Amino acid sequence: MSSLRVTAYINNRLVSFCFSLQTDIINHTDILLLSFTSNHFQYFILNIYLDSAHMALKYLKDIEVNIDNILVMTSNFNIRDSLWNSLFPHHSSISDDLLLIADSFQLALLMPTNPFPTRYSDTVGEANLTIDLVFLRYDSIKLNQHSIHPDWWLTSDHAPLSITISIANEFITTSKLLIQQNSKQENIFIKEVISVFQNLDTFNISNKKCLENTVNSLNSLINQAWNKNTKRLRITRYSKQWWNNECN
């Protein structure tokens with residue numbers, strides 16, 4: 001069995017989108033089809049590697065798979081063409097096949113905001129190449145702002161590409177305020193809250209307005225005690241949710 005030549009890494013903070021490898025739809029060592037769910041809709045990301053024989057491209061032409069909602073198709077396509085590199089004077093028929101397949105998925109080729117090469121050679125006299133591309137869904141062309149990062153390639157010979165795509169109007173919390181259990185700060189916080197209640201003046205609550213002022217004052221004093229004794233921690237996959245079944 002041939003080894004896989006494409007891979008994907010999903011940030012732990014995106015686990016709620018339920019990413020899944022869809023080998024039941026496309027099963028090829030040079031093609032990675034990922035699905036995820038957002039707002040009850042399923043979307044796909046297509047990662048393709050083309051070798052010198054363009055086997056993955058031939059595979060996609062042969063199976064004629066119909067997949068809706070592909071957001072992005074990207075990777076190393078190993079095709080030099082004047083369509084995406086103005087310094088290269090030739091056009092390849094393989095590029096036409098690639099564009100036809102992209103069109104069948106309702107995808108369009110994006111041009112980077114900074115037209116740098118994407119593959120860098122260590123061989124003297126050998127030109128750097130533009131062979132890593134990004135295709136985006138037609139109705140998302142307004143997001144045509146992907147970037148090439150030649151300063152990020154490190155030990156690889158390919159420069160990373162980046163693009164920001166809004167898939168949900170959702171705020172993802174990355175940190176939280178915390179008081180360590182059984183700590184000195186917890187004891188201080190509890191004492192300060194007890195003091196707030198002990199010193200709370202309830203004798204002058206004669207109407208709704210007075211009640212609201214008292215509640216607001218109570219809330220403000222407790223918040224002050226909380227903010228003074230907490231520290232901000234980054235949320236990781238090992239973090240525990242404070243709300244559990246015992247809270248219900």
TODO: Can you tell me which residue among W242, W226 is at pLDDT 90 or above and touching a strand residue (DSSP E or B) at 6+ places or on another chain (Cβ under 9 Å)?
DONE: W226
TODO: Report whether or not T37 is outside any loop (DSSP other than H, G, I, E, B) and free of Cβ contacts under 8 Å to residues at least 24 places away in the same chain.
DONE: yes
- [ ] Filter the range 190-201 down to the residues that are among the hydrophobic types (A, V, I, L, M, F, W, C) and closer than 15 Å to N219 by Cβ, then identify the one that is surrounded by the fewest Cβ atoms within 10 Å (Cβ to Cβ).
- [x] F197
TODO: Among what's in the range 91-136 and is aromatic (F, W, Y) and touching a strand residue (DSSP E or B) at 6+ places or on another chain (Cβ under 7 Å), pick the residue that is farthest from H158 (Cα to Cα).
DONE: F105
- [ ] Filter the range 1-20 down to the residues that are closer than 22 Å to K58 by Cβ and among the aliphatic types (A, V, I, L, M), then identify the one that is modelled with the highest pLDDT.
- [x] V6
Open item on the list: I'm checking my understanding of the structure. Among residues of the range 21-36 that are surrounded by 14 or more Cβ atoms within 10 Å (Cβ to Cβ) and polar (S, T, N, Q), which one is farthest from N69 (Cα to Cα)?
Closed with: T29
Open item on the list: Quick test of your reading of the structure: Y59 fulfils all but one of (1) within 19 Å of A8 (Cβ to Cβ); (2) touching a His at 6+ places or on another chain (Cβ under 7 Å); (3) part of a loop (DSSP other than H, G, I, E, B). Name the failing condition by number.
Closed with: (3)
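The values are calculated or read from the model by the stated rules, or taken from the named source; none is laboratory data. Since we're looking at a predicted model, the values are computed, not measured. Using ideal geometry, Cβ is built from the backbone for each residue, glycine included, and neighbour counts are taken over all protein chains shown.
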